Every structure is written in structure tokens, then in C-alpha cells.
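Notes follow the structure.
The values are calculated or read from the model by the stated rules, or taken from the named source; none is laboratory data. Since the model is a prediction, treat every value here as computed from it, not as a measurement. A quick note on method: Cβ atoms are made from the backbone with ideal geometry, for glycine too, and the neighbour counts reach across all protein chains shown.
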Amino acid sequence: MASISVQADDFDITGEINALKADRVDIGAIVTFTGTVRDLDGSLTSMTLEHYPGMTERELQAVADEAEARWPLQACRVIHRYGTLSPGENIVLVITMSAHRHAAFQAADFLMDFLKSRAPFWKKEETGEGATWVDARESDELALKRWNS
């Protein structure tokens, strides 16, 4: 079963990978994605992520379970942070493991498309000019639609 965490604390990428593959010899592919707070123009001071405890975990678990149903995964781990984060800090970690790379890559891509467009997090970017709420981009919504066919 996929493992989901919604947490304020940072995560240890190597530790998470090692925990998932411990004592496993049936894993031939490990795909990871780490999302970080980006500051493209030097104006971002922080990003605050809010969520509804309980609801968020259920939604993330449901999409991770769907990934496991669609692809032959040996392991699946999603960690999403909340709270106030600075540019460069980790926000999200997705790890998928499978016997073959194709399944691991597709499952990770599917999970990230969901997280970017539908995960129940609210993001507020803060700059010297003030704060603004961030909406999902149209391109993220389009990316998610490809999995409906």
C-alpha cells in the first residue's frame, strides 16, 4: 500500500528511498521527484501552504492507490509539506518503485500531475509587495486530463 505523509518537517530523500527498498530485490527502477520552492525573479520571500488535515491525506492516499492500481509498483511514497517555506526548501517528494522503469516513470508523472492541479493545498506567495494566493495553472489541468483516457 502506498505511503502518504503530510508534514511540516523537511524530509530525507535518501532515507526515504532506503526505507522503501530495504530487503527488496524485486525492484529494478526507482523514480523520484522532489519539488522545491522556486523564486524565478528574486522577489519571493516565502510560500505558505495550507491544508485541511484528514481531507488532504485521504485525497493523496486515493490518488496514490490509483497509481498502484494502474501500474505494477513495488512501492509508492508521497510526502507533501505544509507551513511557511523559504525559496529553495523542499515541498514535495514522490517516489515510485517497480520492476521496470516504464511503470515507475509513468506512475510518478501521474502523481505529480495530480499534486500540481488537484491536491487540496492552498498556496500563498509572499513578496516585498505583499501576498497573493496561487491558482493551479491551465497547463497543469491539461496535463492531468491525459490520464482520463
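Does Thr96 meet the test of being touching a Cys at 6+ places or on another chain (Cβ under 7 Å) and at pLDDT 95 or above?
Judged against the criteria, Thr96 is a match.
Within segment 82-100, can one find any residue that is of a type in the set (S, T, N, Q) and in contact with a Phe, Trp or Tyr (Cβ under 7 Å, 6 or more places away or on another chain)?
Checked against the condition, which is being of a type in the set (S, T, N, Q) and in contact with a Phe, Trp or Tyr (Cβ under 7 Å, 6 or more places away or on another chain), segment 82-100 yields at least one hit.
From the residues in segment 85-105 that are touching a Leu at 6+ places or on another chain (Cβ under 8 Å) and part of a strand (DSSP E or B), which one is nearest to Ile17 (Cα to Cα)?
Checked segment 85-105; the qualifying residue nearest to Ile17 (Cα to Cα) is Ile95.
Go through segment 21-44 and count every residue that is over 16 Å from the mean Cα position of the chain (by Cα) and surrounded by 14 or more Cβ atoms within 10 Å (Cβ to Cβ).
Qualifying residue count, segment 21-44: 5.
Out of the residues in segment 70-84 meeting the condition of being farther than 20 Å from Ser117 by Cβ and of a type in the set (A, V, I, L, M, F, W, C), tell me which one is surrounded by the fewest Cβ atoms within 10 Å (Cβ to Cβ).
Ala75
Those residues that are in contact with a helix residue (DSSP H, G or I) (Cβ under 8 Å, 6 or more places away or on another chain) and more than 26 Å from Ser86 (Cβ to Cβ), I need them from segment 114-147; list them, please.
Within segment 114-147, Glu141, Ala143, Leu144, Arg146, Trp147 meet the criteria.
Going through segment 106-133 one residue at a time, which ones are touching a residue at least 12 places away in the same chain (Cβ under 8 Å), part of a helix (DSSP H, G or I) and either more than 18 Å from Val37 (Cα to Cα) or among the hydrophobic types (A, V, I, L, M, F, W, C) (or both)?
Of everything in segment 106-133, those that are touching a residue at least 12 places away in the same chain (Cβ under 8 Å), part of a helix (DSSP H, G or I) and either more than 18 Å from Val37 (Cα to Cα) or among the hydrophobic types (A, V, I, L, M, F, W, C) (or both) turn out to be Gln106, Ala107, Ala108, Phe110, Leu111, Met112, Phe114, Leu115.
Among the candidates Ala143, Ala136, which residue alone is surrounded by 12 or more Cβ atoms within 10 Å (Cβ to Cβ), free of Cβ contacts under 8 Å to residues at least 24 places away in the same chain, under 23 Å from Ala2 (Cβ atoms) and within 16 Å of the chain's Cα centre (by Cα)?
Step by step, each of Ala143, Ala136 is checked, and only Ala136 is surrounded by 12 or more Cβ atoms within 10 Å (Cβ to Cβ), free of Cβ contacts under 8 Å to residues at least 24 places away in the same chain, under 23 Å from Ala2 (Cβ atoms) and within 16 Å of the chain's Cα centre (by Cα).
Let me spell it out: the conditions are (1) under 21 Å from Asp113 (Cα atoms); (2) touching a residue at least 60 places away in the same chain (Cβ under 8 Å); (3) out of contact with any strand residue (DSSP E or B) (no Cβ under 6 Å at 6 or more places or on another chain), and Lys21 meets all of them except one. Which number is the exception?
Unmet condition: (1).
Is there any pair linking a residue in segment 82-101 that is under 30 Å from Thr45 (Cα atoms) and in contact (Cβ under 8 Å) with a residue 40 or more places away in the chain to one that is part of a strand (DSSP E or B) and of a type in the set (D, E, K, R), with Cβ under 6 Å and at least six apart or on different chains, and which?
If the second residue must be part of a strand (DSSP E or B) and of a type in the set (D, E, K, R), the pairs left are Ile91/Arg81; Ile95/Arg77.
Can you find a residue that is in a helix (DSSP H, G or I) and not small (Gly, Ala, Ser) anywhere in segment 25-46?
no
Determine, yes or no, whether Arg58 is surrounded by fewer than 19 Cβ atoms within 10 Å (Cβ to Cβ), closer than 29 Å to Ala19 by Cα, free of Cβ contacts under 8 Å to residues at least 24 places away in the same chain and basic (Lys, Arg).
It is true that Arg58 is surrounded by fewer than 19 Cβ atoms within 10 Å (Cβ to Cβ), closer than 29 Å to Ala19 by Cα, free of Cβ contacts under 8 Å to residues at least 24 places away in the same chain and basic (Lys, Arg).
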